[in-house]
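Structure, as structure tokens:
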Amino acid sequence: MGAERHFDGPPMSTYHAPVKDMLFCMKELANLDAVAKLPGFEEAGIDTAAAVLEECARFNENVVAPLNREGDVNPSSFKDGRVTTTPGFKQAFRQFAEGGWQGLQHPSDFGGQGLPKTIAAACIEMLNSANLSFALCPLLTDGAIEALLTAGTPQQQQTYIPHFIDGSWTGTMNLTEPQAGSDLALVRTRAEPQPDGSYKLFGTKIFITYGEHDMADNIVHLVLARVSGAPEGVKGISLFICPKVLPDGQRNDVQCVSIEHKLGIKASPTAVLQYGDGTAAKNVNGTGPGAVAWIVGQENRGLEYMFIMMNAARYAVGVQGIAVAERAYQQAVAYARDRVQSRPVDGSINKSAPIIHHPDVKRMLLTMRAYTEGCRAMAIVAAAAFDAAHHDPDASTRAQNQAFYEFLVPLVKGFSTEMSLEVASLGVQVHGGMGYIEETGAAQLLRDAKILTIYEGTTAIQANDLVGRKTARDGGQVAKAIAGQIEATERALGGRASAACRATHKHLSAARAAFVEVVDFVAGQTKASPNAVFAGSVPYLMLAGNVVAGWQLARALVVAEDKAGEDAAFMGAKAATARFYAEHILSKVPGIRDSIVEGHAAVTEMATEAF
């Protein structure tokens, strides 16, 4: 037998929250000062944001991040219908709840802190960077709160939301079933009305994140099901509240029958739930099998309500992509500083040097950094639009911000998660062979990142949304309004002489022009030639995400030059990152435009029999 191998390279890097960059995005790009003038947010200025982010950083760096590796090697386990989470998760979740983090962006009427999404988004990123598997539980609970705030009765809100916020209960989202996949028209879970106004649920739900666990006293499932006699398809779906533990303390007739064994996010239990199989029927008021549930809103409007959860979750998943990318970047930088190998090609060091001196390693690290910072800026700007859409007193301003936010949601979700895969893969590459070894942790980030492009709607589903609802429906008006804002940034760059501004102006102008051409193609051809448009739907999403992220870094470049004297090192790095994004990432946009507008026949004319 060979000797046991031990990893003797640099230790896995710890996580340090990028508070300075987050505050820069809030203040300079998302205009937090304006957000703090909205009704209800008067105390949420930059000083509040800085204090909240610093405290959030301490909690995640010291409590949650150290559990990330442990969750990968010692994941959640299932036995006899019960799930045991990774050692330390239960205690960390209690601290998370006691710190008020679950209620950060939720109303103070229910025990929350009522802070704007602009601030909460940065805190959500930190939690996910620290530990993606752990963060999934609060993410689903956030979605349940949003759904009940929108569609729940006052009694339902008072019954459930305070318990969600204080962490004694958690929420889940029960959509799909074994036969349905992403096609929710095929949902078959049935709901039978009861004389007391409740319902009983019967069916199987799969892929239920934190559908069973040991971190809270109760788990409240929001479930899509069909009332007997409902119309076929998505028009016959209703939404129900189904708690694991009923108000009288009895166990409901919903059981976890297994959890999945996954590529990544191993500490997050992904449950198969069985409703109404009779296992707990003797405990349900003696009325026989069926999971007791209560309807949310009106019958047959469940998908409409569930999309409230879905949109909240889609934005949050995009932030997860940014979070994983940030963690991968930090780890790659730490490794590149320590790993000594080969002399620099320019002879500047006459012996083997840390690999961060090699041009290609710098290129990879800059790619990771630029993608991450561009997507972070896009997400925080989107969050500010959400806040204005919900709190600005002027109706037209609310409408404009809502349209802008809705256009950005598929970009934040789709582009940021696809980006995280590339960044995590580059992180492995920077490590070289050691990146392929589990002990370094780089491989875990790559495995964890893969699910982000799939759940809460695959990248193709986000692209379908961008094409149909966000571009073709209004003839590209919102998209072109964004292009108009980009032109204003181009004008700000055009009067500047620095190499960074000249390069960014050149590539941003070309990218914006290509974006407009694609918008015209999508808006004009979706009905006439749907296959041609949808052959390029994902490339369109990637192009649009690239343009918006690059636009935000271009705006950051202008600020960085204007304020170079305030923090020379930070502003200089920000300017250099923006230039790199323009010349190495934004520069790809015209080529993607060509594949969308001119290359669709190469997809559509291939016979299916030829595959």
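The values are calculated or read from the model by the stated rules, or taken from the named source; none is laboratory data. All values derive from a computational prediction rather than experimental measurement. Here the Cβ is made from the backbone with ideal geometry for all residues, glycine too, and neighbour counts use every protein chain on show.
Screening ARG502 on (1) surrounded by fewer than 19 Cβ atoms within 10 Å (Cβ to Cβ); (2) under 14 Å from ALA578 (Cα atoms); (3) under 28 Å from the mean Cα position of the chain (by Cα) shows it passes everything except condition (3). Being farther than 24 Å from VAL430 by Cβ and of a type in the set (Val, Ile, Thr) holds for only one residue in THR372, THR397, and it is THR397.
Of the helices (runs of 4 or more DSSP H) lying entirely inside the stretch 543-611, those carrying at least 3 residues that are surrounded by 20 or more Cβ atoms within 10 Å (Cβ to Cβ) and not small (Gly, Ala, Ser) are 568-584, 589-597. Within the set GLY457, GLY435, GLY414, the sole residue that is among the small types (Gly, Ala, Ser), crowded, with 18+ Cβ neighbours inside 10 Å and part of a loop (DSSP other than H, G, I, E, B) turns out to be GLY457.
Put simply, of MET173, MET126 the only residue that is aliphatic (A, V, I, L, M), touching a residue at least 40 places away in the same chain (Cβ under 8 Å) and touching a Cys at 6+ places or on another chain (Cβ under 7 Å) is MET126. Every test in (1) small (Gly, Ala, Ser); (2) in contact (Cβ under 8 Å) with a residue 40 or more places away in the chain; (3) more than 30 Å from ASP338 (Cβ to Cβ) is passed by ALA389 save one, and that test is (2).
From the list ALA511, ALA443, ALA463, the lone residue that is of a type in the set (A, V, I, L, M, F, W, C) and surrounded by fewer than 22 Cβ atoms within 10 Å (Cβ to Cβ) is ALA443.
Among the residues of the stretch 152-190, those that are buried (at least 22 other Cβ atoms within 10 Å of the Cβ) and part of a helix (DSSP H, G or I) comprise TYR160, ILE161, PHE164, ILE165.
For ASP520, the conditions (1) more than 22 Å from LEU408 (Cβ to Cβ); (2) of a type in the set (D, E, K, R); (3) out of contact with any helix residue (DSSP H, G or I) (no Cβ under 7 Å at 6 or more places or on another chain) are fulfilled apart from (1).
Among helices (runs of 4 or more DSSP H) entirely within the stretch 1-111, having at least 2 residues that are farther than 23 Å from ILE165 by Cα and modelled with pLDDT of 95 or more singles out 19-24, 32-35, 46-59, 68-73. How many of the residues in the stretch 438-454 are out of contact with any Ser or Thr (no Cβ under 8 Å at 6 or more places or on another chain), farther than 24 Å from LYS362 by Cα and in a helix (DSSP H, G or I)? So the count comes out to 2. Within the stretch 241-260, residues that are in contact (Cβ under 8 Å) with a residue 60 or more places away in the chain have Cβ atoms under 7 Å from residues that are of a type in the set (D, E, K, R) in these pairs: GLN255/ASP277; CYS256/GLU212, counting only partners at least 6 apart in sequence or on another chain. Residues being over 19 Å from GLU605 (Cβ atoms) and free of Cβ contacts under 8 Å to residues at least 40 places away in the same chain: count how many of those fall in the stretch 523-541. Looking only at that region, the number is 1. Would you check if LEU132 is under 14 Å from the mean Cα position of the chain (by Cα) and at pLDDT 95 or above? When the stated conditions are applied, LEU132 passes them.
Selection of the stretch 333-369 for residues being in contact with a helix residue (DSSP H, G or I) (Cβ under 9 Å, 6 or more places away or on another chain), of a type in the set (A, V, I, L, M, F, W, C) and either under 14 Å from SER129 (Cα atoms) or assigned to a loop (DSSP other than H, G, I, E, B) (or both) yields VAL345, ILE349.
Exactly one residue out of GLY114, GLY103 is within 20 Å of VAL63 (Cα to Cα), small (Gly, Ala, Ser) and touching a residue at least 12 places away in the same chain (Cβ under 8 Å): that is GLY103. Of the numbered criteria (1) in contact with a Gly (Cβ under 8 Å, 6 or more places away or on another chain); (2) in a loop (DSSP other than H, G, I, E, B); (3) at pLDDT 95 or above; (4) not aliphatic (A, V, I, L, M), the one GLY318 fails is (2). Take the conditions (1) surrounded by fewer than 16 Cβ atoms within 10 Å (Cβ to Cβ); (2) farther than 27 Å from ALA379 by Cα; PHE89 misses just one of them, which is (1).
For the criterion of being within 18 Å of the chain's Cα centre (by Cα) and not acidic (Asp, Glu), ARG473 fails.
Let's see how each residue does on (1) touching a helix residue (DSSP H, G or I) at 6+ places or on another chain (Cβ under 7 Å); (2) closer than 19 Å to SER258 by Cβ:
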position	(1), (2)
THR150	yes, no
PRO162	yes, no
GLY167	yes, no
THR172	yes, yes
GLN179	yes, yes
ASP183	no, no
VAL187	no, no
ALA191	no, no
PRO195	no, no
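Counting only residues that are more than 27 Å from GLY88 (Cβ to Cβ), out of contact with any Phe, Trp or Tyr (no Cβ under 9 Å at 6 or more places or on another chain), β-branched (Val, Ile, Thr) and not in a loop (DSSP other than H, G, I, E, B), the stretch 202-256 holds 2 of them.
Listed by first and then second residue, the pairs linking a residue in the stretch 60-75 that is touching a residue at least 24 places away in the same chain (Cβ under 8 Å) and crowded, with 17+ Cβ neighbours inside 10 Å to a residue that is assigned to a helix (DSSP H, G or I) and aromatic (Phe, Trp, Tyr), with Cβ atoms under 9 Å apart and 6 or more places separating them unless they lie on different chains, are VAL63/PHE96; VAL64/PHE96; VAL64/PHE134; LEU67/PHE89; LEU67/PHE134; ASN68/PHE134; GLY71/PHE89; GLY71/PHE134. Of the residues making up the stretch 469-480, just one is farther than 14 Å from VAL409 by Cα, in contact (Cβ under 8 Å) with a residue 40 or more places away in the chain and either part of a helix (DSSP H, G or I) or touching a Phe, Trp or Tyr at 6+ places or on another chain (Cβ under 7 Å) (or both), namely ALA472.
Taken over the stretch 299-315, the criterion of being among the polar types (S, T, N, Q) and either buried (at least 24 other Cβ atoms within 10 Å of the Cβ) or part of a helix (DSSP H, G or I) (or both) is satisfied by ASN311 alone. Among the residues of the stretch 69-95, those identified as of a type outside the set (D, E, K, R) and farther than 30 Å from ASP253 by Cβ are GLY71, VAL73, ASN74, PRO87, GLY88, GLN91, ALA92, GLN95.
From the list GLY427, GLY433, GLY441, the one residue that fits, being on the phi > 0 side of the Ramachandran plot and either out of contact with any Phe, Trp or Tyr (no Cβ under 6 Å at 6 or more places or on another chain) or without any contact (Cβ under 8 Å) to a residue 40 or more places away in the chain (or both), is GLY441.
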